[in-house]
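Taking it in order: structure first as structure tokens, then the write-up.
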Amino acid sequence: MSQIAAAPSTGANRAAQLAALEFAQKKPRSLWQDALRKLMRNRLAVIGLVITGLLIFTAIAGDWIAPYPYTRQDLLRTAEGPTWDHLLGTDEVGRDLLSRIIGGARTATLVAFISTFFSVVIGMVMGIIASYGGRWANLLVTRLIDITMSIPTVLLAAMIAATFKPLILNQAKALYATTGWAALKNTGWLELLIVFGGLSVVFWPVFARLIRGQILSLREKEFIEAARAVGVPEWLIALRYLIPNAIGPVIVYMTFTLSSGMVLESSLSYLGIGVMPPQASWGNMIQSNIGSWSYRPWLVAVPAATLAIATLGVNFLGDGLNDALNPQSQTSKVV
Amino acid sequence: MLPFSRWGYLVVAIVAAIVLAVAVACQSAPAAPQVTERVVTQVVEKVVEKVVQQTVVVEKLVEKPVLITPTPAPTQAGADMAADQTIHYVTRGFSRLDPASEGGFGRFIISHLWMPLFLRDNKNNLQPWLATGYQANADGTVYTVSINPKAVWSDGSPVTAQEAKDYWTYGLDPDQCKGCYLGAFGGMELVKGAKDVIAGKSKDLTGVVVKDQKTLEFQLTGPDPIFINRLALFDTGFAKMEDVKKGPNFASDGSARVNGPFMVKIWDLDKKQYEIVQNPKWWGDKKPAITRIVAQEAADENVSFIQWQNNEVDVALWLSNIRERIRKDQANTFFNIPYATNLYFPLWLSQAPMDDLNVRKALVHAVDWDKAIAAAWEGARNDRVMKTILTPELQCYKKDNWPGWGYDPAKAKQELAASKYGSPDKLGKIRITTGGQSPNYIRTAEIMAEQWKTNLGITDVEIKPGTLDAWGQDAQSVQVRRQSQGAILPDALSLIGSHYNTYTDATSGSGLKDDELGKMIDTLRSMKRDDPKFCEQIQQAEAKLLGNYYLLPMIWDVYEYNAKPWVKNFNANVDNNWYTLLDIYLAKH
């Protein structure tokens, strides 16, 4: 003890004082600023962010950046390797592979965002009901979560596609017949919405469980007790304190849902219950060429690699967000 | 109406019989089927015997030299024989073994387990198999077939005519034989009483009469000059009913009795084990050299291709374009299965806008089929674009017998404009089902849709890969449905008639109507196939049928076996059957 006390020199004391002064003069950072700073110092997360950003940009600007319309065929140039005309080559019916990949990015991103958005909304509502609705509401929601999670994901998604889609499409058809609304003439977009919006039925339970757990935990914290003690109404406590504090893990899980949504879209399209040809989907592209993987490998490898990179990128971002938003994370050291 | 007098027939018959007998006797190859020689003798005897009693029978026997034409002499197995005579065979998948339910991949062997009465060679000539010969009456309504007196089951019991009748009655009855094709393939429904059995109204196949233990008489509802050819179909082999009653997988454990040269050791769909061995009680004179066939499934043909390249398999049957890689440098390993098939998209004429002939014509003429098929089938079917129903394999095939067929976008536009719909936006949604997940079908549909868009301005087209069920409640409104037809019986009229019957059948809902064509086909049914006017008339019928533009063409598919060069004497017939199996041997390699 005496050795330690003797060790600091006068210079070190001055440095510590300066640092303390500097700290005192600094503007205090919010949790989010701190998280962003941590995120940007995580190399893998930055790579993930770039990939995700690129994916979103491609999805939005696809029509402008694609060299050709993704359905245009050139039957005299089928299954060609990369050339200056077609940087990734052409597919089995002479469509530009790069344009198909870009078209597929739009499908994947759209599906991922639609399914994640609905999952979060449903999950949050159910989570709040479970945590605030009393014993019976809690019991009902948690059992519903258990049941939903016990059904295989792909099977559930396929069931939704097979059962609900025809019903809704028939309603849309009837509506078109009576109203003549142009938006209902071609129901392709509606099919996409049903099938992939249906994926939210698969994903919501995780969000509901996450929100419920967070709220139940936060409700016992001192700052919530304090708010309650000064008479803040419960709904305001939920809105002002609970949800913002619970949102961190939800954001982290959203990224994982995004990547799961992409993979599931590809899986369903691969199985023939997702996106229908000639629409572009990475899963479709893999499916239609899987039989020729040994002699036209690039037709499978390009969409598969794109899917892998996109999924990996979004997952990197998710991991980085987890590290940034969760101070207790074991992996919060900057890579 | 006979062209010769009775004595004329006698002379012709005797001369023909002597010539044939001499020809057979002069066959130097001892491996020529001995059973054939015996048939010759019997036929000669019958000719002499029947000529005296009934001139017509002699005519039939003489007119059917197919029964006594020996197959070309195979290479003799000798010093080059390998020590292990096991064939390793790979294909995509198998289903249960039962002649009446056989619909696909068991065809390679089923006729060597449970023998049909006759067997076809690669040129569709009939050879004696379980039966030694037949007789027919003058108008082709009664056929009498003799089962080989030496035929026994693998338990040693004799093969009887009654067993054949019992099995066929079972095979036709949909209540007993689930998932069976005997009533659908080949024309057993022509036998008296068969339609009632198929409809569940009767349990007695009255048209099959057991004359004695080894003789069957077939009484038909009408004349059928090619009925005997129907008795060479793989589905007409028969198993013992005691075995069949054990259940649909009665042949899986190897206990089922057979009457052919081979028997099942194991055929287990769950364990994926398939093995065929020699029947120790095989009664034929010629003994097979092959001792064992080990079959295996490979759902991914890329995998079986690697096995082939590594010489892990001797024989393979692929359905995808994977075989095109072999064709380049191993062309001598291909053995064509002379099976005439049509793969196409029939149009549902009962659904708008396909009810208008001009729309249908426009849809056909707006697609460059040669390029479409080349792309969709990766160049492997360039010379097999379905430009007619009859394929080059069939009698009476006439090139370009589809009136007005061809790619002509300008004409297509005019036709669409001349239709009652007038313009593409009035057509409504065109729905296409690919009838399966085959990439080739999906690609063809995608190309059609794109060319309709480019050439006709049609944009409202929806494609769903998979079966019709994928459309759910919209299934009945699908106007373009991928289907196929094949000449299981290698007969031009059968294929044309099958198209006509399928798409005029009210229950199918496809809505084709052409009564005049129906009359033409009815007239053709009783015509002899060697009638000089037969081909001319069937070509007229084909042109009339195609003039309805009731389908969008795809291809005449090609099926082939690949056998390694050391598999000697390999060949396949229209049934996918290794009909030369008794002559096949593996050479040292």
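The values are calculated or read from the model by the stated rules, or taken from the named source; none is laboratory data. Source: prediction; values computed, not measured. Ideal geometry is used to build each Cβ from the backbone, glycine not excepted, and the neighbour counts take in all protein chains shown. In case anyone asks, the SASA skips ligands and DNA or RNA and just uses the protein heavy atoms, side chains included. Shrake-Rupley method; radii C 1.70, N 1.55, O 1.52, S 1.80 Å.
Points worth noting:
- Scope the range B:459-470; condition hydrophobic (A, V, I, L, M, F, W, C) and either surrounded by 24 or more Cβ atoms within 10 Å (Cβ to Cβ) or over 18 Å from B:HIS365 (Cβ atoms) (or both); matching residues: B:ILE463, B:LEU468, B:ALA470
- Residue, farthest from A:GLY104 (Cα to Cα), within the range A:55-69, restricted to residues that are touching a Ser or Thr at 6+ places or on another chain (Cβ under 7 Å) and among the small types (Gly, Ala, Ser): A:ALA66
- If you go through the range B:460-479 and keep only what is closer than 21 Å to B:ASP355 by Cβ and among the hydroxyl-bearing types (Ser, Thr, Tyr), you end up with just B:SER477.
- Counting the residues of the range A:281-298 that are surrounded by 24 or more Cβ atoms within 10 Å (Cβ to Cβ) and not polar (S, T, N, Q) gives 3.
- The residue of the range B:138-185 that is farthest from B:GLY247 (Cα to Cα), among those that are open to solvent by 60 Å² or more (accessible area, probe 1.4 Å) and of a type in the set (A, V, I, L, M, F, W, C), is B:ALA138.
- Among the residues of the range A:133-161, the ones that are assigned to a helix (DSSP H, G or I) and either touching a Leu at 6+ places or on another chain (Cβ under 6 Å) or open to solvent by 70 Å² or more (accessible area, probe 1.4 Å) (or both) come to 12 in all.
- Verdict on A:LEU49 being away from chain B (no Cβ under 14 Å), open to solvent by 60 Å² or more (accessible area, probe 1.4 Å) and out of contact with any strand residue (DSSP E or B) (no Cβ under 9 Å at 6 or more places or on another chain): yes
- If you go through the range B:425-439 and keep only what is more than 9 Å from chain A (Cβ to nearest Cβ) and not in a loop (DSSP other than H, G, I, E, B), you end up with B:ASP425, B:LYS426, B:ILE430, B:ARG431, B:ILE432, B:THR433, B:GLY436.
- Residue count for the range B:366-396, restricted to those that are farther than 29 Å from B:PHE534 by Cα and either part of a loop (DSSP other than H, G, I, E, B) or not aliphatic (A, V, I, L, M) (or both): 12
- Restricting attention to the range B:443-458 and to residues that are at the interface with chain A (Cβ under 7 Å from one of its Cβ atoms) and hydrophobic (A, V, I, L, M, F, W, C), the residue that is least open to solvent (accessible area, probe 1.4 Å) turns out to be B:ILE447.
- Of all residues in the range B:188-206, those that are farther than 28 Å from B:TYR579 by Cβ and open to solvent by less than 10 Å² (accessible area, probe 1.4 Å) total 1.
- Residue match in the range B:272-279 (condition: at pLDDT 95 or above and under 20 Å from B:HIS589 (Cα atoms)): no
- Any hit, the range A:217-236, residues being surrounded by 20 or more Cβ atoms within 10 Å (Cβ to Cβ), farther than 30 Å from B:LYS464 by Cα and modelled with pLDDT of 90 or more: no
- Filtered by the rule that a residue be over 18 Å from the mean Cα position of the chain (by Cα) and more than 16 Å from B:GLU297 (Cα to Cα), the range B:79-112 gives B:ALA79, B:ASP80, B:MET81, B:ALA82, B:ALA83, B:ASP84, B:GLN85, B:THR86.
- Look at the range B:469-490: where a residue is within 14 Å of chain A (Cβ to nearest Cβ) and more than 16 Å from B:ASP575 (Cα to Cα) and a partner is open to solvent by 30 Å² or more (accessible area, probe 1.4 Å) and assigned to a strand (DSSP E or B), sitting 6+ places away or on another chain with Cβ atoms under 6 Å, you get B:VAL478/B:ARG431.
- Candidates A:TRP64, A:TRP84 - the one that is open to solvent by 50 Å² or more (accessible area, probe 1.4 Å) and either in a helix (DSSP H, G or I) or more than 30 Å from B:THR454 (Cα to Cα) (or both): A:TRP64
- Taking the listed residues B:ARG481, B:ARG525, the one that is basic (Lys, Arg) and at pLDDT 95 or above is B:ARG481, with no other qualifying.
- Only listed residue being in contact with an Asp or Glu (Cβ under 8 Å, 6 or more places away or on another chain) and either within 14 Å of another protein chain (Cβ to nearest Cβ) or outside any helix (DSSP H, G or I) (or both), chosen from A:VAL93, A:VAL111: A:VAL93
- Residue within the range B:517-531 that is of a type in the set (Lys, Arg) and crowded, with 16+ Cβ neighbours inside 10 Å present: yes
- Inter-residue pairs, beta-carbon under 6 Å, first more than 11 Å from chain B (Cβ to nearest Cβ) and open to solvent by 10 Å² or more (accessible area, probe 1.4 Å) and in the range A:257-280, second small (Gly, Ala, Ser) and part of a helix (DSSP H, G or I), 6+ apart: A:LEU258/A:ALA112
- Scanning the range B:338-385 for residues that are of a type in the set (Gly, Ala, Ser) and surrounded by fewer than 21 Cβ atoms within 10 Å (Cβ to Cβ) yields B:SER350, B:ALA352, B:ALA374, B:GLY379, B:ALA380.
- Filtered residue count, the range B:200-216, keeping only those that are assigned to a loop (DSSP other than H, G, I, E, B), among the hydroxyl-bearing types (Ser, Thr, Tyr) and at pLDDT 95 or above: 1
- Taking the conditions (1) within 24 Å of the chain's Cα centre (by Cα); (2) not polar (S, T, N, Q); (3) not in a loop (DSSP other than H, G, I, E, B) in turn, B:ASP196 satisfies each one other than (1).
- For B:ASP368: the one exception among (1) at pLDDT 95 or above; (2) more than 14 Å from chain A (Cβ to nearest Cβ); (3) within 24 Å of B:GLY547 (Cβ to Cβ): (2)
- In the range A:175-196, the residues that are free of Cβ contacts under 8 Å to residues at least 60 places away in the same chain and more than 20 Å from A:GLU265 (Cβ to Cβ) reach residues that are assigned to a helix (DSSP H, G or I) and open to solvent by 30 Å² or more (accessible area, probe 1.4 Å) with C-beta atoms within less than 6 angstrom, at least six apart or across chains, in these pairs: A:LEU184/A:LEU175; A:LEU184/A:TYR176.
- Condition met for A:LEU75 (open to solvent by 50 Å² or more (accessible area, probe 1.4 Å), out of contact with any Ser or Thr (no Cβ under 7 Å at 6 or more places or on another chain) and not in a helix (DSSP H, G or I)): no
- Matching residues in the range B:386-413 - criterion: being open to solvent by 30 Å² or more (accessible area, probe 1.4 Å), in contact (Cβ under 8 Å) with a residue 12 or more places away in the chain and over 27 Å from the mean Cα position of the chain (by Cα): B:PRO403, B:GLY404, B:TRP405, B:TYR407, B:ASP408, B:PRO409, B:LYS411, B:LYS413
- Among the residues of the range B:374-386, the ones that are of a type in the set (A, V, I, L, M) and more than 10 Å from every other protein chain (Cβ to nearest Cβ) come to 3 in all.
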